1. Name the pairs whose Cβ atoms lie under 6 Å apart, with the first residue in region 85-107 and modelled with pLDDT of 95 or more, the second part of a loop (DSSP other than H, G, I, E, B) and away from the ligand (no atom under 14 Å from the Cβ), and 6 or more positions between them or separate chains?
2. Based on what the data block shows, is Val78 modelled with pLDDT of 85 or more, out of contact with any strand residue (DSSP E or B) (no Cβ under 9 Å at 6 or more places or on another chain), surrounded by 12 or more Cβ atoms within 10 Å (Cβ to Cβ) and under 22 Å from Leu13 (Cα atoms)?
3. Could you say whether any residue in region 3-14 is surrounded by 14 or more Cβ atoms within 10 Å (Cβ to Cβ) and β-branched (Val, Ile, Thr)?
4. Being away from the ligand (no atom under 16 Å from the Cβ) and touching a Leu at 6+ places or on another chain (Cβ under 8 Å) is the filter here; which residues of region 62-80 pass it?
5. Here is a check on your reading of the model: is Gln58 under 14 Å from the mean Cα position of the chain (by Cα) and surrounded by fewer than 13 Cβ atoms within 10 Å (Cβ to Cβ)?
6. Would you point out the residue of region 81-104, among those that are surrounded by 13 or more Cβ atoms within 10 Å (Cβ to Cβ) and part of a helix (DSSP H, G or I), that is farthest from the ligand (Cβ to nearest atom)?
Amino acid sequence: MTKTQMMRFQEALETKRHELVREIHAHAGQLAICEDGRDPIDQVQSMNQRDEAVLAVQWLSRVLSDVDAALRAVSEGVYGACVECGEPIRLKRLETIPWASHCIVCQEFIERCEAAQGTDLAWALRFDEDREAA
Ligand SMILES: [Zn+2]
């Protein structure tokens, strides 16, 4: 990756960072809704909105920490390398997701593991625990 390319990514990352911080503040504002004296339906609605806001803040914070990590990598001059295997992440991938920390191979592996943990693996683990308990 050339210095010019890295600077372009740095700019994109900083722009994204500002956006994320703004969005997090906007959603966090929804978390502080005062519910005194409202009728129950309004309360349920605002609870749903608050749940959505919580999820949004969690998700945005996760992206923000990825963006911060990428900016750190830029300043250390290691931006664009997969944190797992050290191979260069393809430019096309970085252009889509400038805060990508893994190459596509490692990313797919992680996603498969996460998906497995969410379903079969979690089930299998519980099954094992039950069997041991019995
Ligand atoms: Zn990798």
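The values are calculated or read from the model by the stated rules, or taken from the named source; none is laboratory data. These numbers come from a predicted model, not from an experiment. A quick note on method: Cβ atoms are made from the backbone with ideal geometry, for glycine too, and the neighbour counts reach across all protein chains shown.
1. Here the result reads none, with nothing in region 85-107 linked to a residue that is part of a loop (DSSP other than H, G, I, E, B) and away from the ligand (no atom under 14 Å from the Cβ).
2. On the way: modelled with pLDDT of 85 or more: yes; out of contact with any strand residue (DSSP E or B) (no Cβ under 9 Å at 6 or more places or on another chain): yes; surrounded by 12 or more Cβ atoms within 10 Å (Cβ to Cβ): no; under 22 Å from Leu13 (Cα atoms): yes.
So Val78 fails the test.
3. There is no residue in region 3-14 that is surrounded by 14 or more Cβ atoms within 10 Å (Cβ to Cβ) and β-branched (Val, Ile, Thr).
4. Passing the criteria: Val63, Leu64, Val67, Leu71, Val74.
5. yes
6. Selected residue: Glu95.
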